[in-house]
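Values quoted throughout were computed directly from the atomic coordinates according to the rules given, and no laboratory measurement underlies them. Everything quoted here is computed from the prediction, not taken from an experiment. Counting neighbours? That spans all protein chains shown, and the Cβs are built from the backbone with ideal geometry, glycine included.
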Amino acid sequence: MPEGHSVHRIARQFARNIVGRRVSASSPQGRFTEGASMLDGRAATEVRAVGKQMFLEFEDDIWLRVHLGMYGAWDFAGEIQIDPTIASANGRMGQTNQRGTDLSPILDSAGENSLNSIGAPRRARVNVRMSEQTRGLGDAVDEWPPPVVGQVRLRLLTEATCADLRGPTACQLQTPDEVAATIAKLGPDPLVDDPGQGEERFVSVVRRKPTSIGLLLMDQSVVSGIGNVYRAELLFRANLDPHTPGRDVPEDVIRALWQDWVRLLGIGVETGQMMTMDDLDPEAYRRAMAHRDDRHWVYHRAGLPCRVCGTSIVLEEMAARKLYWCPTCQV
């Protein structure tokens, strides 16, 4: 499932390539035909990401709400301009916690890298009319618009850019009031809410809940954007047993969890990767950016030795989702 960093990166791509332009909208799959007809011919005017949901505003106060869920993804084609605000202040990508490194984009086995990844499950198709920023990232094709591939719920097409939505959990039109009501049900997002106010909301909710902290971190009404990977990594980094009731977690630990989430989300948006390991030397950092198994402490490491203590990492199910943790470090 795409986690919060992915949706924020996707929203930034929409801000660069779709917002401010009139779109042709269609539903090749046929499951969003009425909604697409409402959007067709209108200009996109604003985009917001909150947690795992994206809201795209069109003329006449029409909003498109998209929740990618487990299997959804946006595929982009055409002239894709990389958002420069994703880069770090010195113009390099993926160096949030690395000093003295000068890394070019590193392609991993899933075809994602620190420059062009939008964080979605499938690689963006940058195939035609490639701009200077994206030249060489994909294979050119001769057709424009590009042919529809697979079950496309919604296609948004401008004169230069195509965005295809596949497999979302939610794809619906909303009024401004409905958007506000949807967002009001979500927990704080460090990239949307004031971080200090978000911290207070998070601490207040967790401290009164008997629910385990491992479940609370996945509850989007408690905190927005955290999924399976970030949940496991945040708990390990906090040396926290995932089964601990929220109300039993010390306040300073809850605050540290929030502050770590603020930091990791920023790294994820900047690099396009859920990089959760710190203080890597340049060689280890390159390896981690290229291989998913080298960028996490416990996630997807069931049965392998803990990187800190050597204990075998445990895999269990918590609310039908996989949970990875170290029974020695997380006590």
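Rounded to the nearest 0.05, the FRET efficiency derived from the C-beta distance between D278 and A184 at R0 = 30 Å is 0.30. Modelled spin labels at Y71 and A43, positioned 7 Å past Cα toward Cβ, are 3.8 nm from each other. A simple spin-label model places pseudo-atoms 7 Å from Cα toward Cβ; at T311 and E59 they are separated by 6.1 nm. For the range 198-293, what class follows from the C-alpha gyration tensor (a ≥ b ≥ c being the square roots of its eigenvalues): rounded when a/c is under 1.5, otherwise prolate if a/b is larger than b/c, else oblate? Verdict is prolate for the range 198-293. The range 139-205 and the range 278-331 have Cα centres lying 29 Å from one another. If you take the beta carbon distance between Q197 and A320 as r and set R0 to 30 Å, what does 1/(1 + (r/R0)^6) give as a FRET efficiency, to the nearest 0.05? According to the calculation, E is roughly 0.40.
Spin-label model, V331/Q259: points 7 Å from Cα along the beta carbon direction are separated by 2.6 nm. Applying the criteria of a DSSP loop state and at most 15 other Cβ atoms within 10 Å to the GluC sites (Glu not before Pro) of the range 19-61 yields E59.
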